[in-house]
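Enquirer: Sharing a structure here in structure tokens format.
The values are calculated or read from the model by the stated rules, or taken from the named source; none is laboratory data. A quick note: this is a predicted structure, and the numbers were derived from the prediction, not measured. Note that each Cβ is placed from the backbone with ideal geometry, even for glycine, and that neighbours are counted across all protein chains shown.
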Amino acid sequence: MAENLIINGENKRELYETLLPQLQSLTAGETDVVANMANVAAALKQTFDFFWVGFYVVKEEMLVLAPFQGPLACTRIRYGKGVCGTAWKDAQTIIVPDVEQFPGHIACSSDSRSEIVVPIVRDGKVVAVLDIDSDKLNEFDKTDAEYLERLCAILPF
Ligand code: SME
């Protein structure tokens, strides 16, 4: 069945308000985690035209690349390494206004300028992270963190 995404809003908050209920109903009707990550990445990319949107899933003590939209990316990230590995270790959202100022940032693309990583926590453990990169400095703020955390909380995992 084809799915149509409605993109509506004059600012970030309104765009998220339109997007979240759609993602909630889309993912609630599908039990496959990969299928859900794929559609969530596509919907975020389509709504905000972020440079890179995707997931890394915890597998065998590493973060392993999962569905994403954007340029090719590194496939494995160690615990505590880079922004993603740090968000995994700390189990907290990390907003990076300028990737060059984040010690140990892993540059999958030299075009990436700012980043947000949101851990997905189930039963007290991080099972995956949602990673979004922008080619603009200072793209992400508390509004992104608030809505992306809500999104990560409702994703069936
Ligand atoms: N920059 C991330 C690596 C993943 S890519 O951005 C897709 C990091 O430092 O963990």
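Enquirer: Tell me the residue from 75, 86, 47, 18 that is modelled with pLDDT of 95 or more, among the polar types (S, T, N, Q) and more than 16 Å from the chain's Cα centre (by Cα), please.
Expert: Numbers: 75 fails: more than 16 Å from the chain's Cα centre (by Cα); 86 fails: more than 16 Å from the chain's Cα centre (by Cα); 47 fails: more than 16 Å from the chain's Cα centre (by Cα).
Result of the check over 75, 86, 47, 18: 18.
Enquirer: Go through (1) more than 16 Å from the ligand (Cβ to nearest atom); (2) surrounded by 14 or more Cβ atoms within 10 Å (Cβ to Cβ) one by one and return the number of the condition residue 17 breaks.
Expert: The number of the failed condition is (2).
Enquirer: Can you confirm whether the range 100-117 contains a residue that is more than 11 Å from the ligand (Cβ to nearest atom), free of Cβ contacts under 8 Å to residues at least 60 places away in the same chain and assigned to a helix (DSSP H, G or I)?
Expert: yes
Enquirer: Quick check on the range 98-133: of everything there that is closer than 20 Å to residue 66 by Cβ and polar (S, T, N, Q), which residue is surrounded by the most Cβ atoms within 10 Å (Cβ to Cβ)?
Expert: Only one residue fits best here, namely 112.
Enquirer: Something else: Is at least one residue of the range 27-34 hydroxyl-bearing (Ser, Thr, Tyr) and surrounded by fewer than 17 Cβ atoms within 10 Å (Cβ to Cβ)? Spell out how you get there, then give the answer.
Expert: Here is the first cut: in the range 27-34, the ones hydroxyl-bearing (Ser, Thr, Tyr) are 27, 31.
Next, only the ones that are surrounded by fewer than 17 Cβ atoms within 10 Å (Cβ to Cβ) stay: 31.
There is at least one residue in the range 27-34 that is hydroxyl-bearing (Ser, Thr, Tyr) and surrounded by fewer than 17 Cβ atoms within 10 Å (Cβ to Cβ).
Enquirer: Quick check on my filter: what residues within the range 118-141 are outside any strand (DSSP E or B) and either under 20 Å from residue 72 (Cα atoms) or touching a residue at least 24 places away in the same chain (Cβ under 8 Å) (or both)?
Expert: If we filter the range 118-141 for residues that are outside any strand (DSSP E or B), which is where we start, we get 123-124, 135-141.
Matches in the range 118-141: 135, 136, 137, 138, 139, 140, 141.
Enquirer: Here are 153, 87, 73, 43: which of them is in a loop (DSSP other than H, G, I, E, B) and under 26 Å from residue 27 (Cα atoms)? Spell out the reasoning first.
Expert: Working: 153 fails: in a loop (DSSP other than H, G, I, E, B); 87 fails: in a loop (DSSP other than H, G, I, E, B); 43 fails: in a loop (DSSP other than H, G, I, E, B).
The conditions single out 73.
Enquirer: Let me ask another. Here's a check for you: in the range 118-145, which residue that is within 11 Å of the ligand (Cβ to nearest atom) and of a type in the set (D, E, K, R) is nearest to the chain's Cα centre (by Cα)?
Expert: 131
Enquirer: Which number in (1) free of Cβ contacts under 8 Å to residues at least 60 places away in the same chain; (2) surrounded by 22 or more Cβ atoms within 10 Å (Cβ to Cβ); (3) touching a strand residue (DSSP E or B) at 6+ places or on another chain (Cβ under 6 Å) marks the one condition that residue 94 misses?
Expert: With (1) free of Cβ contacts under 8 Å to residues at least 60 places away in the same chain; (2) surrounded by 22 or more Cβ atoms within 10 Å (Cβ to Cβ); (3) touching a strand residue (DSSP E or B) at 6+ places or on another chain (Cβ under 6 Å) applied to residue 94, the lone miss is (2).
Enquirer: Looking only at the range 46-69, which residues are in contact with a helix residue (DSSP H, G or I) (Cβ under 7 Å, 6 or more places away or on another chain), closer than 18 Å to residue 136 by Cα and either within 12 Å of the ligand (Cβ to nearest atom) or assigned to a strand (DSSP E or B) (or both)?
Expert: Scanning the range 46-69 gives 50, 53, 54, 69.
Enquirer: Here's another thing I want to ask about it. Filter the range 107-127 down to the residues that are at pLDDT below 95 and of a type in the set (A, V, I, L, M) and list them by number.
Expert: Within the range 107-127, just 107 meets the criteria.
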